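The values are calculated or read from the model by the stated rules, or taken from the named source; none is laboratory data. Quantities reported herein were computed from a predicted structural model and do not represent experimental measurements. All Cβ positions, glycine included, derive from the backbone under ideal geometry; neighbour counts span all protein chains shown.
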Amino acid sequence: MVVSAQLNQEPKKITKKFFSELNNLENITPALKKKKGFTNYQELMTYIEEKVQKYPELVSSNFIGESQKGKKIPILYIIKNSDDDIKKLRVWMQGGLHGNEPASTESLLYLIHLILENPAYKYLLDKIDLAILPMANIDGFLKNDRYAANGLDLNRDHTKIMAPETKASKRAFAKFDPHVALDFHEYRPFRKDFAQLSTFGISNPYDVMFLHTGNLNVPENIRQIIDTLFVANAKKSLDKLNLRHRHYIKSEKYKGEIHFSTGSNTARSSSNFYALNNGIATLFEIRGVGIGKTSFKRRINSGLAVGFSFLKTAYENSNFIFEQIDIANSQSNDIVLQHERSIYEDIIKAIDIESNELIDFTTTMHSSKDSYAISKIDRPLVYIIKKK
């Protein structure tokens, strides 16, 4: 067996045993209507326009800006006008921030279809206003490349805000001012380091991994709500489909050894940046990068399960969420400058490449999810920003 080949595609024996297709979805989104390829720009625009024309009382669209290659970036709003004096939650969903993660975009396109076409979901709009940015990195998406046209990783640009796509999405995000934000991604199941593990390498078996904030400057109540309410409910939805899940992990080199890390603290990533706005924010990863269109409906089902779980949880807990965000906005805790990750022995699931069996793999875990502060300062009374 050639190990390098495992880094680029899914061996058929693994697909057959562990990732059988879920064929309950109709072929109604652009990529599902064709055997090869994913949703292109014209198909995306046509799909959105069809929804706007069919449901003008619910759906509107706009362009948040342009990509570096001049493609207008569409955003879709699904909002039900009501005479009732109901305070509604604003929920932001985005996909395609990395251009080689097609199920992130397709999950959102299918979610749009269901929430408009299926009466079982329309009640969600009674308490929720929804903004969907389905293809945030259009240039990268159209060439199946993780990065934007200038080589930037747009999910590492939330603080420097160097790319025009980032500036455009930030303006749209700030204008919509969401209470809940969900970022759809896919991850690569065959990492280069994995070839050195077990007898002949391993593959990541999780259909979905959750990367919610571990940043200690996010109010504790917000971090708890994300973890123990929203993500906990999403995991239950995945369980009903027999889809594997866990908190996000990745391999990393540590003093010459391969360890694993979990969680994230950096504000460069969406799950932390959005949560630092005192919002209920999560990034989640579907198993999909580098395996083409393998198990594509299974991957879309994964995205739909998480997406609708978040919407239902928001709907059922709307008053509680408003109260908790008010509490977070009134916090006056010290600001954490530096943190340390917790380090412990952990057991993760893995697919052993040689035996094609699911195994328990013991590793050293470095956890930003369970980090602790080592340096703090008093919270400033005001911030002064110099005019350029």
State whether the residues of the stretch 22-31 include one that is surrounded by 12 or more Cβ atoms within 10 Å (Cβ to Cβ), of a type outside the set (Val, Ile, Thr), outside any loop (DSSP other than H, G, I, E, B) and in contact with an Asp or Glu (Cβ under 7 Å, 6 or more places away or on another chain).
yes
Residue 50 fails exactly one of the following numbered conditions: (1) in contact (Cβ under 8 Å) with a residue 12 or more places away in the chain; (2) surrounded by fewer than 18 Cβ atoms within 10 Å (Cβ to Cβ); (3) more than 23 Å from the chain's Cα centre (by Cα); (4) not in a loop (DSSP other than H, G, I, E, B). What is the number of that condition?
(1)
Of all residues making up the stretch 158-178, the number that are more than 15 Å from residue 64 (Cβ to Cβ) and either out of contact with any Ser or Thr (no Cβ under 9 Å at 6 or more places or on another chain) or among the acidic types (Asp, Glu) (or both)
1
Note on the stretch 205-243: residues buried (at least 18 other Cβ atoms within 10 Å of the Cβ), over 23 Å from residue 342 (Cβ atoms) and charged (D, E, K, R) are 207
Restricting to the stretch 63-86, what's the tally of residues that are in a loop (DSSP other than H, G, I, E, B) and either of a type outside the set (Ser, Thr, Tyr) or farther than 15 Å from residue 130 by Cα (or both)?
12
With the checklist (1) of a type outside the set (Val, Ile, Thr); (2) buried (at least 16 other Cβ atoms within 10 Å of the Cβ); (3) out of contact with any Phe, Trp or Tyr (no Cβ under 7 Å at 6 or more places or on another chain) in hand, flag the one item residue 124 doesn't pass.
(3)
Counting residues that are in contact with a Phe, Trp or Tyr (Cβ under 8 Å, 6 or more places away or on another chain), which helices (runs of 4 or more DSSP H) fully inside the stretch 201-279 reach at least 2?
232-240
The stretch 361-381 residues that are of a type in the set (Val, Ile, Thr), paired with ones that are loosely packed, with under 14 Cβ neighbours inside 10 Å (beta carbon under 7 Å, 6 or more apart):
362/345; 362/347; 364/345; 374/338; 374/340; 377/334; 377/335; 377/337
Are there any pairs, at least 6 apart or on different chains, whose C-beta atoms fall under 6 Å, with the first in the stretch 170-194 and buried (at least 24 other Cβ atoms within 10 Å of the Cβ) and the second part of a helix (DSSP H, G or I) and of a type in the set (Gly, Ala, Ser), and if so, which?
180/314; 183/270; 184/104; 184/107; 184/303; 185/104; 186/103; 186/104
Within the stretch 72-87, the residues that are touching a residue at least 24 places away in the same chain (Cβ under 8 Å) and under 23 Å from the mean Cα position of the chain (by Cα) are 73, 74, 75, 76, 77, 78, 79
If you take the residues of the stretch 4-21 that are modelled with pLDDT of 90 or more and part of a loop (DSSP other than H, G, I, E, B), which of them is farthest from residue 200 (Cα to Cα)?
21
